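Peer 1: Please read through the structure below; I'll follow up with questions.
The values are calculated or read from the model by the stated rules, or taken from the named source; none is laboratory data. No experiment lies behind these values; they were computed from the predicted model shown. Counting neighbours? That spans all protein chains shown, and the Cβs are built from the backbone with ideal geometry, glycine included. Note: areas computed on protein heavy atoms with side chains; ligands, DNA, RNA excluded. Shrake-Rupley method; radii C 1.70, N 1.55, O 1.52, S 1.80 Å.
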Amino acid sequence: MALVTALYVTVTLVFSVISFGAIQFRLAEMFNYLAVFNKRYIIAVTLGVMLANLASPLGMIDVIVGGLSTFCVLVLVYFVTRKIKNQFVKLAVTALICSFSMFTIAAQLTLLLGIPFWFSWLTIGLGEFVSMTIGGVLIHWISKKIDLTK
């Protein structure tokens, strides 16, 4: 779990230029898929988000909102996908849930920075969807080599 947390933080910070703001492409979001394989990754990814968000220009509010949002979304993903047998369907459902959930970050940016809600939800949601699509391919490939359920 510590490795997943560290990987989330590292990937976010390496790509920090595109990981924060009204238009963001956070490749580390691919780790959200791990909740599909084992519920323990919910905590690991949530901690990764919170630690990575310490570098956010929005500071502690981003740590709290981002962490809480991630935790709730990953719990939802876990419960929605746990009875789905087809891995491709699980990953697709996860990508859609995570992309839709970006309304929480859009609301935060609207309240704090005055960025129009629909603009930020669209751009952040699309960035999330692209990140999750790329990440889905990687996580699917990794899951064929490593048993992520353990």
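Peer 1: Could you tell me how many degrees, from 0 to 90 and to the nearest 10, lie between the Cα long axis of helix 103-113 and the main elongation axis, the longest principal axis, of the Cα atoms of the chain?
Peer 2: 20 degrees
Peer 1: Same structure, new question: Under the definition of Cα pairs under 8 Å and six or more residues apart, what whole-number percent is the relative contact order of the chain?
Peer 2: Relative contact order for the chain comes out at 29 percent.
Peer 1: Using the Cα centre of the chain as origin and beta-carbon charges of +1 (Lys, Arg) and -1 (Asp, Glu), tell me which of 111, 11, 33 is placed farthest towards the positive end of the dipole.
Peer 2: Farthest towards the positive end: 33.
Peer 1: Suppose the chain between residue 16 and residue 72 were pulled fully straight at 0.36 nm per residue; how much longer would it get relative to their current alpha carbon spacing?
Peer 2: Values: separation 56, 0.36 × 56 = 20.16 nm, distance 2.37 nm.
So the extension gain works out to 17.8 nm.
Peer 1: Working from Cα positions, state the angle (0 to 90°, nearest 10) between the long axis of helix 60-81 and the longest principal axis of the chain.
Peer 2: 30 degrees
Peer 1: Heavy atoms only, probe 1.4 Å: what % of the accessible area of the chain goes to carbon and sulfur, would you let me know?
Peer 2: That fraction is 78 percent.
Peer 1: Contour minus end-to-end for residue 1 and residue 38, with contour as 0.36 nm per residue of separation and end-to-end as the Cα-Cα distance?
Peer 2: Taking residue 1 through residue 38 to full extension adds about 12.2 nm, to one decimal.
Peer 1: Could you state the angle between the C-alpha long axis of helix 87-100 and the longest principal axis of the C-alpha atoms of the chain, as a value from 0 to 90 degrees rounded to the nearest 10?
Peer 2: Computed tilt is about 10 degrees.
Peer 1: Hey, another quick one. I'd like the FRET efficiency for residue 86 and residue 126, computed as 1/(1 + (r/R0)^6) with the beta carbon distance as r and R0 of 25 Å, rounded to 0.05.
Peer 2: Calculated transfer efficiency: 0.50.
Peer 1: Just by accessible area at a 1.4 angstrom probe, what is the order of 39, 90 from largest to smallest?
Peer 2: Largest to smallest exposure gives the sequence 39, 90.
Peer 1: Mind checking the per residue accessible area of segment 1-144 for me, 1.4 Å probe, whole number of Å²?
Peer 2: I get 50 Å² per residue for segment 1-144.
Peer 1: Quick one: what do you get for the chain if you divide its Cα Rg by 2.2 N^0.38 Å?
Peer 2: 0.97
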